[in-house]
1. Go through (1) at the interface with another protein chain (Cβ under 7 Å from one of its Cβ atoms); (2) within 30 Å of B:Val276 (Cα to Cα); (3) among the polar types (S, T, N, Q) one by one and return the number of the condition B:Thr160 breaks.
2. Which condition breaks for B:Ser200 when tested against (1) more than 7 Å from chain A (Cβ to nearest Cβ); (2) crowded, with 24+ Cβ neighbours inside 10 Å?
3. In the range B:96-152, how many residues are closer than 25 Å to A:Ile78 by Cα and either polar (S, T, N, Q) or in a loop (DSSP other than H, G, I, E, B) (or both)?
4. Quick check on B:Val215: is it at the interface with chain A (Cβ under 9 Å from one of its Cβ atoms) and either modelled with pLDDT under 85 or assigned to a helix (DSSP H, G or I) (or both)?
5. Any residue at all in the range B:118-133 that's under 25 Å from the mean Cα position of the chain (by Cα), aliphatic (A, V, I, L, M), surrounded by fewer than 19 Cβ atoms within 10 Å (Cβ to Cβ) and farther than 25 Å from B:Pro222 by Cβ?
6. Just name the residue that is farthest from A:Gln317 (Cα to Cα) out of those in the range A:123-148 that are surrounded by fewer than 23 Cβ atoms within 10 Å (Cβ to Cβ) and at the interface with chain B (Cβ under 9 Å from one of its Cβ atoms).
7. Only one of these conditions is not met by A:Leu232: (1) more than 30 Å from B:Leu67 (Cβ to Cβ); (2) crowded, with 21+ Cβ neighbours inside 10 Å. Which number is it?
8. Going residue by residue through the range B:193-209, is there one that turns out to be touching a Phe, Trp or Tyr at 6+ places or on another chain (Cβ under 8 Å) and under 19 Å from A:Asp282 (Cβ atoms)?
Amino acid sequence: MPRTSSDRQPADPASQLAAPASGQLGRSTGGPYRDAEAEPAWRPRGRHTLAARDARAGLALISPTILVVAVIVIIPIIWTIMMAFQRVRLINVRRQGIFGHYTLRNFEVVFTAQGFWSSLLTTVIYTVGATVGSIGVGLLVALALRSRFRGRGFIRGLMLLPYVAPVVAVTFCWTTMLDPTFGLINVWGQRFLGWDAGIPFLSQPSTALATVIVFETWRYFPFAFLFITARLGALPVDVEEAARVDGATPWQRFRFVVLPQLGPVLSVLIVLRFIFTFNKFDDVYLLTGGGAGTEVVSVKVFQYLQSRGDLGSAAAQALVLAAALVILMLIYLRANRRSEESAL
Amino acid sequence: MSTVSLEADRRQAPTGTGNRRGVSRDHWQTRVFGIGRWVVIVLAVIVTVLPFYYMFLLSLRPIEEVLVRPGSLLPSLQELTVSTYTRVLASPESGGQGFLQFLRNSLFVALVTVAFTLLAAIPGSYAIARLRFAGSRWISFTFLAVYLFPPMVLAVPLFTAFTLMGLRGSLAGLALVYIAQTVPVAIYMLRGYFATIPESLEEAGVIDGCSRYQVITRISLPLALPSVMSTALYVFMIAWNEFLFALLFLVERRDRWTVSLGLSQLSGSIEVPTTVLMAGSIVITIPVIVLFFIAERALVEGLTAGAEKG
């Protein structure tokens, strides 16, 4: 259907939303990630075409969102970058203009601070441990709950509890359970496992980080479970049936039929969990306060900010966090692409 | 006809090839997996539910009893008490911990966040899903980046700005930050829903003389309503559970504490008995769990919309 600009509605901004559209609505069969270049070449361009009107309506509809995100997200990010290069403290920030004195001093403070590299390493260990743990457990539980039985829906719902409950409530419950004197785990450990004394899981360096990783695995395996369950439900049955007919054992059917089909969702999960865990602040802060060798980078940012009021260093440390994340993600994506290429 | 005999044929197929070892391996693997599966299910249920059961149990036991018999998971019924709940909810003036006030604050922040997030995200996600405009690709990429960006990077300037503007201690200010953080997630979820509405329905509306605005309000939005509800609940959960920005903005004002902040601040002090705080934990956990189970199905579908396509 050829589009003409016969419809001569004035393009006044107020009527943009209500602009009557004769004929077809603009097609956008592929989601938002469809290339602009993929647009058919025959589409006429002009102020009064449907496409042009759609474009204006689109911008009008999305502008409130852009406004909010710009004010609360984009501008603050730019300001963080500026603050990272200025010696700003909470007490002198009023006097410090935007075009104040720029310096690298904050980065010097951050990089030479005691425990800078160890906190970066802690963050990486914590992130990798929690990512692998939560996805591994999520995969195991999703597979176990794959075939139907009475009450499966209810159990699937139960599995999501750790993820939806408020983090403050569950960390409080965990710290109580792990309490060395009257916590359930230590009482049972002494009673049934013959521990000599209560173990201060969250305050001794030999166990604190591992305990935090276990907590993180517990809290976020439901997230992986959700995604993997959704994918498992959408797998075509006949491929597995064919493998069964060909005599593949249950393990072979999993290893060579099911697992490869889960590949894409697993790599999405790895990226998402890695990013979210790397940025995480609340869980570690609430469990250990960053003590006993669990000081991840985001907790360090918080300490610069809250206890020292050193805005410049906090901003610099936050940028280090963001930069480290970007670098690690690039490495991952690169390695991933290479392994995919070699698989071909 | 004969699905049964077909099934039987399939079972026999490996034997027919004379691969006896394969069959026995198949046999024991099936058994091991059959048992292992139930072991995993039972363990998973225990591990997920036990902390919540413990939380609930402690909230009902007097602290003295807990200290005497800390390992008991099945206390006698006479022992149980609900006085912890009255204590945790009552205002500080009447000797309580003021959780009722915290609940009110959290409810206010969460509802404001939900309302404004939806107000911005519904038209925004519709535009991204349906309309082509310059920069739409760039915009959805930016939203994804915002969603994945470390909140800590935002914490520094927002903390500074709120301090300078005297907005610290303001619940509306906190809600503003939550709106900006939840809009990208809401758009991501709603976009998926809008994309599943058949375009032919909208075109039919246009043929009947609807404007774009009418198409949205009369056709697309009613169809997406269940999804809008579940997105609303998810945003509510995020706002209700959030901790970092509440800590940064509200910590000096006890009367403005949200539930998360209140619980974390009080759990730091030794004066408040653990059992009372467990009652507080239950009180703040129940609303999200109830909401979650109401909306579970739609919520799960919305969150994992991309996963099914692989």
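The values are calculated or read from the model by the stated rules, or taken from the named source; none is laboratory data. Worth saying up front: this structure is predicted, and the values here are computed from it rather than measured. Quick reminder, even Gly has a Cβ in these numbers, built from the backbone with ideal geometry, and neighbours come from all protein chains shown.
1. Among (1) at the interface with another protein chain (Cβ under 7 Å from one of its Cβ atoms); (2) within 30 Å of B:Val276 (Cα to Cα); (3) among the polar types (S, T, N, Q), the lone unmet condition for B:Thr160 is (2).
2. (2)
3. Restricting attention to the range B:96-152, the residues satisfying the condition of being closer than 25 Å to A:Ile78 by Cα are B:113, B:116-117, B:120-121, B:124, B:134-152.
Those left that are additionally either polar (S, T, N, Q) or in a loop (DSSP other than H, G, I, E, B) (or both): B:113, B:117, B:134-136, B:140, B:142, B:149-150.
Residues that pass the stated criteria total 9.
4. Details: at the interface with chain A (Cβ under 9 Å from one of its Cβ atoms): yes; either modelled with pLDDT under 85 or assigned to a helix (DSSP H, G or I) (or both): yes.
In short, yes.
5. Taking the range B:118-133 first, the residues under 25 Å from the mean Cα position of the chain (by Cα) are B:118-126, B:128-129.
Now drop any that are not aliphatic (A, V, I, L, M), which leaves B:118-122, B:128-129.
Add one more test, that the residue is surrounded by fewer than 19 Cβ atoms within 10 Å (Cβ to Cβ), and what stays is B:119.
Filter once more, so that each one left must be farther than 25 Å from B:Pro222 by Cβ: none.
No, every residue in the range B:118-133 fails to be under 25 Å from the mean Cα position of the chain (by Cα), aliphatic (A, V, I, L, M), surrounded by fewer than 19 Cβ atoms within 10 Å (Cβ to Cβ) and farther than 25 Å from B:Pro222 by Cβ.
6. Selected residue: A:Ser147.
7. The failed condition is (2).
8. Looking only at the range B:193-209, we keep the residues that are touching a Phe, Trp or Tyr at 6+ places or on another chain (Cβ under 8 Å), and these are B:194.
Retained after the next criterion (residues that are under 19 Å from A:Asp282 (Cβ atoms)): none.
No, that holds for no residue.
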